[in-house]
Protein chains: 2
Amino acid sequence: MSEHAWLARLGATLGPSSPRVLLGIGDDAAVLAPGPSPLVFTVDASVEGVHFTLDLVDLGGAGYRAFMAALSDLAAMGARPLAALSSLTVPGYGAESDLDTLTAGQAAAAAALGVPIVGGNLSRGPCWSIHTSALGEAAEPVRRSGARPGDSLWLAGPVGLAAVGLRALLGGHAPSSALDPCIAAWRRPVARLADGLLLPGRASAAIDISDGLAQDAGHLARASGVSLVLDADLVLGAVGPELTAGAAALGLDPLAMALGGGEDYALLACAAQAPGPAFRRVGAVEAGQGVRVERAGVAVALPAGFDHLA
Amino acid sequence: MSEHAWLARLGATLGPSSPRVLLGIGDDAAVLAPGPSPLVFTVDASVEGVHFTLDLVDLGGAGYRAFMAALSDLAAMGARPLAALSSLTVPGYGAESDLDTLTAGQAAAAAALGVPIVGGNLSRGPCWSIHTSALGEAAEPVRRSGARPGDSLWLAGPVGLAAVGLRALLGGHAPSSALDPCIAAWRRPVARLADGLLLPGRASAAIDISDGLAQDAGHLARASGVSLVLDADLVLGAVGPELTAGAAALGLDPLAMALGGGEDYALLACAAQAPGPAFRRVGAVEAGQGVRVERAGVAVALPAGFDHLA
């Protein structure tokens, strides 16, 4: 498919669906109506062989996951999305129908979140890759850097489920009631935009959990110049029995999965009170630096972090 | 280099340099001050083995070219850039110093254009690739679709030089006074932002020439529902003697290079009068459809177009 044919198809599938989109796909750039709030601008990538392989997820799923991962950064800032752009590379072994499948997955995620995809770029490349840029706005964007000692730590959404699901897929485990919710968490994550919109004015700092709770908490602690104390039992309680059951099915430690597993895209916020109904208390903000995990007041060892380029 | 180390370095190199940047690299997303004008939003990709190879340009040059190509789309809309994001894939054979070189090339282009790079993403991948998102604003964005019969066609910047330069590089030709300007045109293109800012209110339609004058004129003609007539001698006159000399050195037809060669990032505009001092008249807008080329009133055959995924 030529880039122009693909853009025409993208335009038909994902064309303007917001009054803020003045000009969608088909010109040199998209045009969006201005608003009074600060703009929030981010990009994320999902690369075949690095973030996914086609024996773990089909291209529709890869497109869906990539879109959710990118929009999660807007959720963490408490931003309302305006529009997204998609830049794809298509390998020589990719058929036209594969590109349709990928585009449909992106479209499904965009529709689920109500975000218009207003443009894109298509290029050949040695593998499939999906680079998603997202633009949003927030009257008071929530940064990583405002946490204050005395705040509580709040978690919205699961952590560790996707990591267990990925291990189930990698190990070729048969579907089971214990593993299915974990596999679904890895395959169909959700950017928690509605929870994020509750953060401005309520949370002093926030981050989304893409690399693992312990590691991302470390980023927030460093940016805020505080110490974060995670309570192991509160974390496991916030995630719920699906994590315990899934981890048990694979002989894994649920706490290690909860602290080290990425790609669930939960939100971690610092606030005096729960910023919204989905947020569960999982710890406290103290003076100092770094992250520690306690169980009944006793320190628990942290798992090693995860960095895509480590 | 970890993604966090790279982002820290990117932040140090390319950090906020505009009063519109409220928050640069280092959080979940960048934050930009709002303005009263419509937003212009675009993405472009440059992939090793597709858009460049490292025997033709070093990684600094690849970064420079990729940034200019992306910002050229804002120029074509008559937009003023606000900020850009960079999403890179780094192959296993890429050294940390290579990443520094690439980043420095992006930084040089961003500095030349005065555009802050406010964020990015770093991932492993099978080759180098550079996906650049650009956000700008324009009170009256110039589209491809407003051209009117009776307008003249205006060209700012060269066409064909970069195509001759690329052929010189691919053929391993020795440097010469005839080929050097063409090689420089391919290696160091310039996004014509200042010329683009003259378009709103003056031009009825515009496009940047990335795929070749004939093909991009075809996009504009289709979007506007008009016929564009390019005058071969006016085109060659607008580009000047460097194209004729470079093409002669390789035994190429300068008109074929001017009509079919991409990646110079000239601007083609439709307007009653020259939109600015860099614009040269190269033809006319008529009722009808398609593009034709004439020399002294006689039709000239068009070269085949160029599509990155054709």
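What's the number of the condition B:A274 fails, among (1) aliphatic (A, V, I, L, M); (2) farther than 16 Å from B:L153 by Cα; (3) in contact (Cβ under 8 Å) with a residue 60 or more places away in the chain?
(2)
Would you confirm, using the coordinates I've provided, whether A:S133 is outside any loop (DSSP other than H, G, I, E, B) and over 17 Å from the mean Cα position of the chain (by Cα)?
no
Could you identify the single residue in A:L228, A:L220, A:L267, A:L243 that is touching a Cys at 6+ places or on another chain (Cβ under 9 Å), crowded, with 17+ Cβ neighbours inside 10 Å and part of a strand (DSSP E or B)?
Selected residue: A:L228, the only one of A:L228, A:L220, A:L267, A:L243 that is touching a Cys at 6+ places or on another chain (Cβ under 9 Å), crowded, with 17+ Cβ neighbours inside 10 Å and part of a strand (DSSP E or B).
Go through segment A:19-30 and give me each residue that's surrounded by fewer than 22 Cβ atoms within 10 Å (Cβ to Cβ) and either under 23 Å from the mean Cα position of the chain (by Cα) or β-branched (V, I, T) (or both).
Hit for segment A:19-30 is A:V21, nothing else.
Just wondering, is there one or more residues in segment A:284-292 that are in contact with a strand residue (DSSP E or B) (Cβ under 6 Å, 6 or more places away or on another chain) and open to solvent by less than 10 Å² (accessible area, probe 1.4 Å)?
yes
I need the full set of residues from segment B:224-273 which are acidic (D, E) and under 23 Å from B:V298 (Cβ atoms), in order please.
B:D231, B:D233, B:D253
If you check A:G49 against the conditions, is it more than 9 Å from chain B (Cβ to nearest Cβ) and open to solvent by 10 Å² or more (accessible area, probe 1.4 Å)?
For A:G49, the condition - more than 9 Å from chain B (Cβ to nearest Cβ) and open to solvent by 10 Å² or more (accessible area, probe 1.4 Å) - is not met.
Facing chain B (nearest Cβ under 10 Å) and either under 27 Å from A:L197 (Cβ atoms) or touching a helix residue (DSSP H, G or I) at 6+ places or on another chain (Cβ under 7 Å) (or both): which single residue out of A:A110, A:A66, A:A62, A:A83 fits that description?
Just a single option satisfies the conditions, and that option is A:A83.
Exactly one of these conditions fails for A:I117: (1) out of contact with any Phe, Trp or Tyr (no Cβ under 9 Å at 6 or more places or on another chain); (2) under 14 Å from B:V43 (Cβ atoms). Give me its number.
Exception for A:I117: condition (1).
Restricting to segment A:115-146, give me the number of residues that are more than 8 Å from chain B (Cβ to nearest Cβ) and charged (D, E, K, R).
1
Does at least one position in segment B:74-91 carry a residue that is free of Cβ contacts under 8 Å to residues at least 60 places away in the same chain, among the charged types (D, E, K, R) and open to solvent by 10 Å² or more (accessible area, probe 1.4 Å)?
no
For segment A:156-174, indicate whether the set of residues that are free of Cβ contacts under 8 Å to residues at least 24 places away in the same chain and away from chain B (no Cβ under 14 Å) is non-empty.
Yes, because at least one residue in segment A:156-174 is free of Cβ contacts under 8 Å to residues at least 24 places away in the same chain and away from chain B (no Cβ under 14 Å).
Quick check: is even one residue across segment B:199-210 at pLDDT 95 or above, crowded, with 20+ Cβ neighbours inside 10 Å, assigned to a helix (DSSP H, G or I) and hydroxyl-bearing (S, T, Y)?
no
Contact list please: Cβ distance under 9 Å, first residue in segment B:188-206 and closer than 16 Å to B:A108 by Cα, second residue assigned to a loop (DSSP other than H, G, I, E, B) and open to solvent by 50 Å² or more (accessible area, probe 1.4 Å), pairs at least six apart or on different chains.
Close Cβ pairs satisfying both conditions: B:L193/B:G114.
For segment B:159-188, name all the residues that are surrounded by 24 or more Cβ atoms within 10 Å (Cβ to Cβ) and assigned to a loop (DSSP other than H, G, I, E, B).
The answer is B:V159, B:G160.
Taking the criterion of being at pLDDT below 95, of a type in the set (D, E) and part of a loop (DSSP other than H, G, I, E, B), would at least one residue in segment A:84-96 satisfy it?
Checked segment A:84-96: no residue is at pLDDT below 95, of a type in the set (D, E) and part of a loop (DSSP other than H, G, I, E, B).
So which of A:D73, A:D55 ends up being more than 22 Å from B:W128 (Cβ to Cβ) and within 13 Å of chain B (Cβ to nearest Cβ)?
Result of the check over A:D73, A:D55: A:D73.
Checking the structure you have, find out if any residue of segment B:23-37 is outside any strand (DSSP E or B), at pLDDT 95 or above and away from every other protein chain (no Cβ under 12 Å).
The answer is no, given that none of the residues of segment B:23-37 is outside any strand (DSSP E or B), at pLDDT 95 or above and away from every other protein chain (no Cβ under 12 Å).
Consider B:A112 carefully, then state whether it is assigned to a helix (DSSP H, G or I), at pLDDT below 95 and among the aliphatic types (A, V, I, L, M).
Yes, satisfied.
Suppose the filter is touching a residue at least 12 places away in the same chain (Cβ under 8 Å) and part of a loop (DSSP other than H, G, I, E, B); does A:P141 pass it?
Criteria met by A:P141.
The values are calculated or read from the model by the stated rules, or taken from the named source; none is laboratory data. This structure is a prediction, so every number in the text was calculated from the model and none was measured. Cβ coordinates were reconstructed from backbone atoms using ideal geometry, including for glycine residues, and neighbour counts include every protein chain displayed. Heads up: the accessible areas ignore ligands, DNA and RNA and are worked out on the full protein's heavy atoms, side chains in. Shrake-Rupley method; radii C 1.70, N 1.55, O 1.52, S 1.80 Å.
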